[in-house]
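The next block holds one structure in the form of structure tokens; read it before the comments.
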Amino acid sequence: QVQLVDSGGGLVQAGGSLSLSCVASGRMFSSYTIGWFRQAPGKEREFVSAISWSFSTTYYADSVKGRFTISKDNAENTVYLQMNSLKPEDTAVYYCAAGAVVKVTTYQEYRSWGQGTQVTVSS
């Protein structure tokens, strides 16, 4: 089982940037995808971005495309989410997740989850 620790959240003004990190420990299988999801109060958990562990194929939600960039460092077992041009509607708890998923946007398919990190964007 993979253990994940996500960090890097904080309070930022609209238009600002934050970088989230997700450090994985335990066995990372080549078939794994690492995803970032977010959940705002009273809303469902939604897909943000994902990256395949082996091929570094990246995926983005339309709402963040062009503003967020996902990347990874295999040597450090770390996935990053660089968030630029942040908007108040990006405010949420952000979670990283890992699993051998079929549909990267479906959070139920991910087996391991980080504890979440709060991102707050003020207007």
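The values are calculated or read from the model by the stated rules, or taken from the named source; none is laboratory data. Predicted model only: the values in this text are computed from it and were never measured. Glycine gets a Cβ as well: all are built from the backbone with ideal geometry, and neighbour counts include every protein chain shown. Heavy atoms of the whole protein, side chains included, go into the accessibility calculation; ligands, DNA and RNA do not. Shrake-Rupley method; radii C 1.70, N 1.55, O 1.52, S 1.80 Å.
Taking the range 65-88 as the range and being more than 17 Å from residue 54 (Cβ to Cβ) and in contact with a strand residue (DSSP E or B) (Cβ under 8 Å, 6 or more places away or on another chain) as the test, the residues that pass are 67, 68, 69, 80, 81, 82, 83, 84, 86, 87, 88.
Set side by side, the residues 63, 17, 31 differ, and just one is at pLDDT below 95 and open to solvent by 30 Å² or more (accessible area, probe 1.4 Å), which is 31.
Just for the range 69-110: of the residues that are assigned to a strand (DSSP E or B) and touching a helix residue (DSSP H, G or I) at 6+ places or on another chain (Cβ under 9 Å), which one is farthest from residue 42 (Cα to Cα)?
Only one residue tops the list, namely 99.
Every condition in (1) within 15 Å of residue 104 (Cα to Cα); (2) more than 13 Å from the chain's Cα centre (by Cα) is met by residue 67 except one, and the failing one is (1). Only a single criterion out of (1) surrounded by fewer than 18 Cβ atoms within 10 Å (Cβ to Cβ); (2) farther than 21 Å from residue 10 by Cα is not satisfied by residue 78, namely (2).
Residues in the range 1-45 that are closer than 25 Å to residue 62 by Cβ, small (Gly, Ala, Ser) and not in a strand (DSSP E or B): 8, 9, 14, 15, 16, 17, 40, 42. Please determine whether any residue of the range 35-58 is over 19 Å from residue 9 (Cβ atoms), touching a residue at least 40 places away in the same chain (Cβ under 8 Å) and open to solvent by 60 Å² or more (accessible area, probe 1.4 Å). No.
If you go through the range 66-75 and keep only what is surrounded by 14 or more Cβ atoms within 10 Å (Cβ to Cβ) and more than 18 Å from residue 114 (Cβ to Cβ), you end up with 67, 69.
Yes/no matrix, rows are residues, columns are (1) among the basic types (Lys, Arg); (2) open to solvent by less than 70 Å² (accessible area, probe 1.4 Å); (3) closer than 17 Å to residue 6 by Cα; (4) more than 11 Å from the chain's Cα centre (by Cα):
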| residue | (1), (2), (3), (4) |
| --- | --- |
| 82 | no, yes, yes, no |
| 85 | no, yes, no, yes |
| 95 | no, yes, yes, no |
| 109 | no, yes, no, yes |
| 113 | no, no, yes, no |
| 119 | no, yes, yes, yes |
